[in-house]
1. One residue is enough: does the stretch 297-316 have a residue meeting the conditions touching a Leu at 6+ places or on another chain (Cβ under 8 Å) and within 22 Å of G201 (Cβ to Cβ)?
2. Looking at (1) among the aliphatic types (A, V, I, L, M); (2) farther than 30 Å from T217 by Cα; (3) under 25 Å from the mean Cα position of the chain (by Cα), which one does M323 not meet, given that it meets all the others?
3. Which of the residues that make up the stretch 209-251 are surrounded by 12 or more Cβ atoms within 10 Å (Cβ to Cβ), touching a Lys or Arg at 6+ places or on another chain (Cβ under 7 Å) and outside any helix (DSSP H, G or I)?
4. Within the bounds of the stretch 104-127, is there any residue that is in contact (Cβ under 8 Å) with a residue 12 or more places away in the chain, of a type in the set (D, E, K, R) and more than 19 Å from D40 (Cα to Cα)?
5. Which residues, counting only those in the stretch 111-143, are farther than 22 Å from I246 by Cα and in contact with a helix residue (DSSP H, G or I) (Cβ under 8 Å, 6 or more places away or on another chain)?
6. Quick check on my filter: what residues within the stretch 248-286 are under 23 Å from D127 (Cβ atoms), of a type outside the set (S, T, N, Q) and more than 21 Å from the chain's Cα centre (by Cα)?
7. Failed condition for R85, given (1) at pLDDT 95 or above; (2) out of contact with any Phe, Trp or Tyr (no Cβ under 9 Å at 6 or more places or on another chain); (3) surrounded by fewer than 22 Cβ atoms within 10 Å (Cβ to Cβ), with all others met?
8. Looking at L181, L295, L197 in this structure, which one is in a helix (DSSP H, G or I), at pLDDT below 90 and of a type outside the set (S, T, Y)?
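The values are calculated or read from the model by the stated rules, or taken from the named source; none is laboratory data. Model, not experiment: these values are computed from the prediction. Cβ sites come from the backbone with ideal geometry, for glycine too, and all protein chains shown count toward neighbours.
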Amino acid sequence: MKPKHLKHAFLWAIIGSFLCLAAWEMYWRTQTDRYNAHLDDDRYLWAEHRRLVETATEDDVVIIGSSRTAFNFNTNIWLEEQGHRPINLSTDGKPAGPFLKDLVDNTDFAGTLVMGITPLLSFTTADDPFWQPAYQWIEHYQKETYAQWAGHQLSKPLQRRLVMLTATELDFANDLDLKSLLKTIPLKRRIPNDFVLPKFGHTDEYRNVMMYPSMKTDTSFAGQVHKAWGSFLPFLPEHEAVAEIIPGVIQYYQVLIERFQERGGKIIVIRHKAEPEWNGPSQRMLPREKVWDRLVAAIDAPTYHFEDYPFMQKHQLPDWSHMAADDAIVYTRDMVQQLIADGHLRQFPR
């Protein structure tokens, strides 16, 4: 082939590729609200916010916890109510324990720490498989290279603008990266996965996770999430199966909290709401009086359980476990006002 023809072929290949990518992007943009351009809530974005703790003062608030904390608290509203934006280190699908230990062991932070508790994740031991991804994120922050940092910064403008780049580290069923799409291809030898969870929220610059509106309007979509939860909730064991590990777990939190308080830090522990479909099986395995109440008795810190406060239980959770975005605004406002009224948060000029 002559050089001139090679140039033409190369040009047409570029044009064709661009048109195919544009068509792919436009297709997903015309689908439901579940496909929109946003930042990936990955270890790179988490590390960016974790870095803020290194210069945080006693006036700062750091939030840790799993996905309920991520969905339920909106730091934009927190800023409006308190006059100071918290550092949001909540993480989807990961317990608070490893992050509490990281902050106590590896920082001098002595401000206010708000820790959300999700029993099925939080009341497990440090060698539990659910803790491993948390360790990986912490290790990534500690060892992140300049090249990794730069790559993340360069990728952010594309993530904000292209739906086709939607991807997560948790392998949600509706991710659009090539690895996730290949997993959807039915193969005879592929072992079926009973836990198929679609992503049902998106992340903003401050790592607030906001539920897609269709979770409240599309019962079939919400049903997919219910089905995922239903694949394991009915099979949770009775409390006797885990009773022997609970004292050690509570001691783990007690020691870390006391160390944090000894250097001047304040901690607030929050148990968010779950609907009966989720809370019932969870309580069978981890009843309040044998787990939460024992934790409360072991630590000298303010604690808030949704069953004790009307404002914490008034919202209906579309997926049984997390708040809709509009409800999270009200919930955050109510919670910050309660914490200020109780003297646990300082009110800054607004």
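1. Checked the stretch 297-316: no residue is touching a Leu at 6+ places or on another chain (Cβ under 8 Å) and within 22 Å of G201 (Cβ to Cβ).
2. Among (1) among the aliphatic types (A, V, I, L, M); (2) farther than 30 Å from T217 by Cα; (3) under 25 Å from the mean Cα position of the chain (by Cα), M323 violates only (2).
3. Selection gives Y212, L236.
4. yes
5. L113, Q136, W137, I138, H140, Y141, Q142
6. G248, V249, I250, Y252, V255, L256, I257, E258, R259, F260, M285, L286
7. Condition not satisfied by R85: (2).
8. None of the other options fit; the residue is L181.
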